[in-house]
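Have a look at the structure below before the remarks.
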Amino acid sequence: MDRRPSPLDRVRRYTWLTLGFTAAIFTLTLVFSLSTRLMGAPQAIVLGVVACLLAPQYVRFSAFGMPGLGKATARPGEIPVTVALAVGAWLWVAAVLPEAVIFTFIPALILGALIAADRPIRRWPVSLAAGIALALAGLAVTTAAGHAANTGWLVVITITVPLITATNALQIWLWSVVRQLDEARHMAAELAVAEERLRFATELHDIQGHHLQAIALKGELAERLIGHDDAAARVQASELTELARTALRETRAVVHGYRRSSLSTEIGNAVDILRAAGISATVRGDAAEVPPPLQPLFGALVREGTTNVLRHSTATECAVTVAIADGRVRVDVRNDGVRASAVVPGSGILGLRERFATVGGVVRAECSDDAFRLTGEAVTP
């Protein structure tokens, strides 16, 4: 199954398409405008070629302010050469066709993309200054060429650069927000794994610490009793052996997830973690109706399902369903945003299948309709 794109991938694609569409529209508009102007064919061809060369530069410069979208560094001399070419083309048009205000978009796109990638505090004064500079330069060239100045023409040219800067700044802000959300999602997944490891370490410490302390005391007591009260020493040695067996049994129970835990608590934890990661989580059914002997087993299923959602999917929705019917308990964890790797069962799911098999249950991992479903079933005791 094809990997479903993540929100960041979708925004990345949308951003590239938007930038490309903007550059293409302005390029086509300029080329069309050239074909309708009273300008010689050689001049029109040169300006058309310049517009086609500058369009991809606008897209490239726009990505400078969006880390992770494209290369964030310019080649040596790339920026000054591009700006000089754009401004030069605009001044040439201003000298020949002063009424062709649309050609101010040639330098405005380039300058707006570069200025938007600058620090926010400097964007607006710099963009306004650039717009005024373009207008004054155009006015000087137009006047030198013997054409009359137009106030409205100057205003339009002045606001063009800030307008392009604002448009690009909005895209940069959107990209930044989506990247932060994506980073928060991955962080939530890492925190979920770390929390589970901490819980396991705490349980193991509590069991091992208590039993090992008791074993140490029993061993010291038995050692002191040897030769003084052998019968009492044998009793202590017997209790020491039983403590060791108990510690081993409970340690294995922790490792395999058999220690008693509440399915309701596990589902509640899963919902909190999923929602913290920006995933809509819903619960259907009453976990309290699951028989106590099966609570730890299905709790492990919910933990494994939640971990899979966070680590191996781009889910936006997840649903946990608890159903009891005809003497069987079924817990289902379903999520969208399936990745190809989620189709292949990992060691966690294989371990769940072994554990469910010991009570006559089954675990199924299914992928269909762009969704992944982890289902566990067992017979009620």
Q. Calculated FRET efficiency, ALA44 and ILE121, Cβ-Cβ r, R0 41 Å, to nearest 0.05?
A. 0.50
Q.
What does the C-alpha gyration tensor say about the overall shape of segment 57-109? Classify as rounded when a/c is under 1.5, otherwise prolate if a/b is larger than b/c, or oblate.
A. oblate
Q: Find how many whole Å separate the alpha carbon centroid of segment 266-288 from the alpha carbon centroid of segment 83-117.
A: 55 Å
Q | Span-rule helices in the chain, defined as complete DSSP H runs reaching 24 Å or more along the axis (Cα) with Kyte mean at least 0.0 | A | 7-36, 41-62, 78-96, 120-144, 151-225
Q | Selection from ASN308, THR73, VAL11, by position along the positive dipole direction of the chain (Cβ) | A | THR73
Q | Whole-percent carbon and sulfur share, accessible surface of the chain, 1.4 Å | A | 63 percent
Q. Rounded to the nearest 0.05, what FRET efficiency is calculated for ARG224 and LEU204 with R0 set to 30 Å and r the Cβ-Cβ distance?
A. 0.50
**Q.** Net charge, GLY285 excluded, C-beta distance under 14 Å - Lys, Arg +1, Asp, Glu -1
**A.** -1
Q. Going by a ≥ b ≥ c, the root eigenvalues of the Cα gyration tensor, does segment 291-381 fall in the rounded group (a/c under 1.5), the prolate group (a/b larger than b/c) or the oblate group?
A. prolate
Q. Sorted by average packing, counted as other Cβ atoms within 10 angstrom per residue and highest first, what order do 236-249, 112-125 take?
A. 112-125, 236-249
Q.
Per residue, how large is the accessible surface of the chain? Use a 1.4 angstrom probe and give square angstrom.
A. 53 Å²
Q: Would you work out if the chain is rounded, prolate or oblate? Take a ≥ b ≥ c from the square roots of the eigenvalues of the alpha-carbon gyration tensor; rounded if a/c is under 1.5, else prolate when a/b is larger than b/c, oblate otherwise.
A: prolate
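The values are calculated or read from the model by the stated rules, or taken from the named source; none is laboratory data. All of these numbers come straight from a predicted model, not from anything done at the bench. Neighbour counts are summed over all protein chains in view; Cβ atoms, including those assigned to glycine, are modelled from backbone coordinates with ideal geometry. Quick note on the areas: whole protein, heavy atoms, side chains included, nothing else; ligands and nucleic acids left out. Shrake-Rupley method; radii C 1.70, N 1.55, O 1.52, S 1.80 Å.
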